[in-house]
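A short worksheet on the structure shown next.
The values are calculated or read from the model by the stated rules, or taken from the named source; none is laboratory data. Source: prediction; values computed, not measured. Glycine gets a Cβ as well: all are built from the backbone with ideal geometry, and neighbour counts include every protein chain shown. Only protein heavy atoms, including side chains, enter the accessible area calculation; ligands, DNA and RNA are left aside. Shrake-Rupley method; radii C 1.70, N 1.55, O 1.52, S 1.80 Å.
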Amino acid sequence: MKTTTFGLSALVVLIVGAFAFTTFDGGTISGKITPVDGATEVWAVSGMDTLKAPVTDGAFSVQSAKAGTYTVIIDAKDPYKDATLKDVKVEDGKTTDLGEIKLD
């Protein structure tokens, strides 16, 4: 009985240990804003998930996005208008590059 209990305990420890080293990478949404000083941050929304990232020197990178379809909103500074991109697809472990986004 002690051997069986020890064996099961060891198996549980191995399984828990294997999951401890598994990380959630998700995907990334990146792009560049023109003009470079035209926006402050970017929002990525998918269902109940909302992620945001700062715009630095016109570039942004939204990290750890779960696989799925997002609406990306560029929060523009005056006098520019916010920009919205719909149906942005994200895959785990990959970067979705939106390229250059020109603000009006």
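K32: of a type in the set (K, R), at pLDDT 95 or above and out of contact with any Pro (no Cβ under 7 Å at 6 or more places or on another chain), yes or no?
It is true that K32 is of a type in the set (K, R), at pLDDT 95 or above and out of contact with any Pro (no Cβ under 7 Å at 6 or more places or on another chain).
Just checking, how many residues over region 81-100 are open to solvent by less than 80 Å² (accessible area, probe 1.4 Å) and more than 18 Å from the chain's Cα centre (by Cα)?
Count: 1.
Quick check on region 80-94: of everything there that is touching a Gly at 6+ places or on another chain (Cβ under 9 Å) and not hydrophobic (A, V, I, L, M, F, W, C), which residue is nearest to T34 (Cα to Cα)?
Among residues in region 80-94 that are touching a Gly at 6+ places or on another chain (Cβ under 9 Å) and not hydrophobic (A, V, I, L, M, F, W, C), the one nearest to T34 (Cα to Cα) is Y80.
Kindly indicate the residue of region 38-61 that is crowded, with 17+ Cβ neighbours inside 10 Å and of a type in the set (A, V, I, L, M, F, W, C) and also farthest from T95 (Cα to Cα) among those meeting that condition.
A39
Could you give me the residue pairs with C-beta distances under 7 Å whose first residue belongs to region 52-75 and is part of a strand (DSSP E or B), whose second residue is among the basic types (K, R) wherever it lies, and which are 6+ apart or on separate chains?
Qualifying pairs under 7 Å: A59/K32; T69/K89; T71/K86.
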